[in-house]
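A quick write-up on the structure given underneath.
The values are calculated or read from the model by the stated rules, or taken from the named source; none is laboratory data. All values reported here derive from a predicted model rather than from experimental measurement. FYI the Cβ positions are ideal-geometry reconstructions off the backbone, even for glycines, and counts take in every protein chain you see. Just so you know, the surface numbers come from the protein's heavy atoms only, side chains and all, with ligands and any DNA or RNA stripped out. Shrake-Rupley method; radii C 1.70, N 1.55, O 1.52, S 1.80 Å.
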Amino acid sequence: MVLDIGRIKRKQKQSETKSRGGFFRCKEGRNVIRVFPFQHKVTKEDVKSGTFEKELLGKTVTEIDRQVTRFFREGGKPTFFRSESDPLYQEYAAAKKKGSKNARRLGPTSHYVMNIVDVENPEMGIVEFAAPKSVYHEIIGYVCDPDYGEDVLGCEGRDFIIEYDASAEGSDKYSVKIRPESKCEKLPESLEEKVKDMYDPEVEANLA
């Protein structure tokens, strides 16, 4: 018996596909992504909500992510955390006060939504990745490091390798490292036109 290894690998890749409907989710083990910045013109609504400072009104800023804080309930769509008067927050606060074991699961969770390319599935193009805090901090650490800087972003940038261990606890679930430059391929410039402004109200509506 001779196995069609090529066919088996293709089926394996299909079963592991993480990017669905424009969203990316880490699979168990190794994940490789490229991060893309986006531009946003600061509006009066942005300033009023406290998202951006008044001095930036009318100016175009370059951003990497948008922080979103949401509630997750089994079988339901994520819901934005707006204030402590939200019914879902009240449910969480009551469970926490009682010392319930479920309190942590009911609480709001913060993620940092970025435009990325799943390097292992580039045909998906630009997709959204709601990065957990630990992953976000590692990526931003490279961007802020003068030895790397903004050059790690975009079509001519560097890949980030994310190792995901679902059995680990908390921030230990993820580890992030930057890929050697020699192994990072230049991606099509047309991808730059597909990045989303995460502060655009229409885009925001789909983040929940």
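Numbers below:
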read-out	value
Which listed residue is more than 22 Å from Ser49 (Cβ to Cβ) and within 21 Å of the chain's Cα centre (by Cα), from Glu128, Glu120	Glu120
Any hit, region 51-62, residues being surrounded by 11 or more Cβ atoms within 10 Å (Cβ to Cβ) and in a strand (DSSP E or B)	yes
Selection count, region 94-109, where residues are open to solvent by 40 Å² or more (accessible area, probe 1.4 Å) and farther than 19 Å from Met198 by Cα	11
Evaluation of Phe129 against (1) at pLDDT 95 or above; (2) in contact with a Leu (Cβ under 6 Å, 6 or more places away or on another chain) (one fails), failing number	(2)
Complete set of residues in region 1-49 that are at pLDDT 50 or above, within 30 Å of Pro180 (Cα to Cα) and in a helix (DSSP H, G or I)	Gly6, Lys13
The one condition in (1) exposed (fewer than 14 other Cβ atoms within 10 Å of the Cβ); (2) in contact with a strand residue (DSSP E or B) (Cβ under 8 Å, 6 or more places away or on another chain) that Val119 fails to fulfil	(1)
Residue match in region 75-84 (condition: of a type in the set (A, V, I, L, M, F, W, C), open to solvent by less than 50 Å² (accessible area, probe 1.4 Å) and at pLDDT 90 or above)	no
Among residues of region 123-138, those that are open to solvent by less than 60 Å² (accessible area, probe 1.4 Å) and under 18 Å from Tyr112 (Cβ atoms), counted	10
Which numbered condition Asp197 misses (of (1) over 18 Å from the mean Cα position of the chain (by Cα); (2) closer than 14 Å to Ile64 by Cα; (3) surrounded by 13 or more Cβ atoms within 10 Å (Cβ to Cβ))	(1)
Residue pairs meeting the criteria (Cβ under 8 Å; at least 6 apart or on separate chains; first over 15 Å from Asn206 (Cβ atoms), in region 15-29; second loosely packed, with under 15 Cβ neighbours inside 10 Å and modelled with pLDDT under 90)	Lys27/Glu16
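Residue-wise test of (1) under 16 Å from the mean Cα position of the chain (by Cα); (2) open to solvent by 80 Å² or more (accessible area, probe 1.4 Å); (3) not aromatic (Phe, Trp, Tyr).
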site: Ile140; (1), (2), (3): yes, no, yes
site: Pro146; (1), (2), (3): no, yes, yes
site: Glu150; (1), (2), (3): no, yes, yes
site: Asp159; (1), (2), (3): yes, no, yes
site: Ile162; (1), (2), (3): yes, no, yes
site: Asp172; (1), (2), (3): no, yes, yes
site: Ser175; (1), (2), (3): yes, no, yes
site: Leu187; (1), (2), (3): no, no, yes
